[in-house]
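The values are calculated or read from the model by the stated rules, or taken from the named source; none is laboratory data. All figures in this text were calculated on a predicted structure; none of them were measured in a lab. Cβ atoms come from the backbone with ideal geometry, glycine included; neighbour counts cover every protein chain shown.
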Amino acid sequence: MNYIVAKFGGTSLANYEAMSRCADIVLASPKTRLVVVSASSGVTNLLVSLGTGQLSEQERVSAVDKVRAIQQAIIEQLSLSQTQLDHIESLLIQISQLSKSIIKTPSKIDETFKSLSDDILSFGEQLSSFLFTQVLIERTDKASWFDVRDVMRTSSDFGKAQLELDEIKSLVNEKLLPKLADEIIVTQGFIGADNQGRTTTLGRGGSDYSAALLGEAIAAEQINIWTDVTGIFTTDPRITSQAYALEEISFNEAAEMATFGAKVLHPSTLIPAMRQNIPVFVGSSRDPGAGGTIVRNETQSKPVYRAIALRREQTLVTVTSMDMLHAPGFLARVFTILAKHNISIDLVTTSEVSVALTLDDTGFNSSGRSQLNDELIDELKQICQVKIEQNLALVALIGNAIDSSYGVGTRLFSTLHDVNVRMICQGASSHNLCFLVEEEQSIDVISRLHQSMFEHNSQGAA
Ligand code: ADP
Ligand code: ASP
Ligand code: MG
């Protein structure tokens with residue numbers, strides 16, 4: 001049988017009622033045998049703060065208490081055995097002890113610190129998966145908890161671990177796939193383990209990616225991402241109430257949306273799905289009857305304008321050097337320094353003596369560490385002048401044949417005639433056109449573009 005993977009996000013598992021709705025969704029579909037869960041809403045943020053090693057004793061105790069209270073409210077609705085209660089208690093005690101032992105030395109974040117921090121982060125998913133398994137067991141005797149660290153093999157890059165795909169595939173085949181024949185398996189998103197068995201994390205929002213990776217490894221028929229919105233919208237529905245859910249979107253378009261900030265999917269989610277051509281469904285666990293968005297290789301419609309994404313907290317770095325004039329190799333030197341510091345560059349524009357680059361400062365690093373550091377800037381300053389601008393936001397227009405459709409630029413610039421567009425990139429992909437604006441203007445910019453392109457039966461809207 002080809003199985004379906006279901007992933008539930010934090011708000012879907014926020015409390016007992018929300019977990020019950022998710023259990024109903026799982027049991028309504030006999031093919032749904034693998035369930036991947038996030039931590040209950042708010043828990044990972046608390047664990048991130050505990051993992052900084054910078055809380056006062058009072059703040060630390062208060063954060064652990066808040067994690068405990070979220071679990072307690074769920075436990076009260078379940079009839080758990082003493083052994084099960086003891087297990088939860090032991091997880092909470094570990095959070096408390098680990099957070100006590102983590103101390104950040106101001107000068108250096110070493111590997112031990114990062115490893116401990118990932119350890120702490122992993123407890124959100126450990127707790128929610130254990131409790132969600134119990135909610136399922138209330139309804140069926142064919143459900144079990146599974147430790148994803150037995151199969152999700154990663155590098156030791158704590159905070160944003162890389163996946164060892166071949167090992168994952170063979171471990172899943174050996175240890176997880178056979179179990180799916182008989183029962184529903186509940187496991188954790190977001191976390192993995194390196195080859196020494198140390199816990200790692202895949203970066204914030206990484207549970208979507210875990211679900212897709214496991215879906216790929218079991219050659220799933222479909223990956224269902226259950227969240228708090230009824231699909232992928234034309235833009236984040238929190239930006240404008242005029243945004244509406246899309247019935248369908250292609251892998252390429254959705255991957256661009258996720259990369260350019262649409263939080264509804266972790267940016268890497270679609271990579272495994274695309275490799276195996278597995279459709280991904282996005283829907284609301286609160287309102288499963290409302291349908292959702294299907295993401296697949298080929299879509300029936302290919303509108304020029306499909307959606308608009310927003311990525312906040314962008315950093316623009318402009319490097320200038322007279323040496324660059326007619327000198328081969330300058331860009332290579334800049335890029336080598338950035339690569340050495342493990343910086344991912346997003347957009348690049350060049351002029352005669354300057355290069356402007358954007359870095360995604362939201363980072364998707366589990367502990368929210370910024371990519372820019374003094375060491376890197378000093379190194380760049382040895383070969384050029386460096387200017388850093390922050391408080392910018394990247395707006396990405398996503399669609400089809402944007403690079404070869406007439407009138408896109410005219411529409412954009414006439415709608416934004418009074419906005420200072422700080423940088424613009426088009427042409428590398430036929431699926432996007434993106435530009436930087438002042439962060440404080442970004443909501444207005446998107447609302448206006450949305451109105452112009454998606455509201456009045458505009459030609460491009462899906
Ligand atoms: P989960 O906890 O289920 O993983 P997330 O909070 O990570 O949920 O993602 C869902 C949120 O993504 C929505 O509440 C919405 O505000 C945001 N979002 C951003 N862009 C979009 C979009 N284009 N369509 C739908 N939701 C979006
Ligand atoms: N719990 C993790 C986070 O909040 C992973 C996820 O929700 O996808 O980032
Ligand atoms: Mg998410």
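Brief remarks on what is shown
- Qualifying residue in region 298-311 (condition: farther than 28 Å from G215 by Cα, in contact (Cβ under 8 Å) with a residue 60 or more places away in the chain and among the small types (G, A, S)): no
- Test: residue in region 107-114 that is farther than 17 Å from W145 by Cα, hydroxyl-bearing (S, T, Y) and in a strand (DSSP E or B): no
- Of all residues in region 290-303, at least one satisfies being at pLDDT 85 or above and farther than 30 Å from S29 by Cα.
- Residue in region 212-232 that is more than 16 Å from ligand 3 (Cβ to nearest atom), out of contact with any Gly (no Cβ under 7 Å at 6 or more places or on another chain) and within 20 Å of H431 (Cβ to Cβ) present: no
- I185 being under 21 Å from A14 (Cα atoms), over 16 Å from the mean Cα position of the chain (by Cα) and not in a helix (DSSP H, G or I): yes
- A332 within 14 Å of ligand 1 (Cβ to nearest atom) and more than 23 Å from the chain's Cα centre (by Cα): no
- Residue check, A217 within 15 Å of Y3 (Cβ to Cβ), of a type outside the set (K, R), surrounded by 18 or more Cβ atoms within 10 Å (Cβ to Cβ) and within 16 Å of ligand 2 (Cβ to nearest atom): no
- Positions within region 37-51 being buried (at least 19 other Cβ atoms within 10 Å of the Cβ) and not in a helix (DSSP H, G or I), in sequence order: V37, S38, A39, S40, S41
- Set side by side, the residues V61, V67 differ, and just one is β-branched (V, I, T), more than 16 Å from ligand 1 (Cβ to nearest atom), out of contact with any Leu (no Cβ under 8 Å at 6 or more places or on another chain) and more than 30 Å from G231 (Cβ to Cβ), which is V61.
- Taking region 1-36 as the range and being within 16 Å of ligand 3 (Cβ to nearest atom) and not in a helix (DSSP H, G or I) as the test, the residues that pass are V5, A6, K7, F8, G9, G10, A14, V35, V36.
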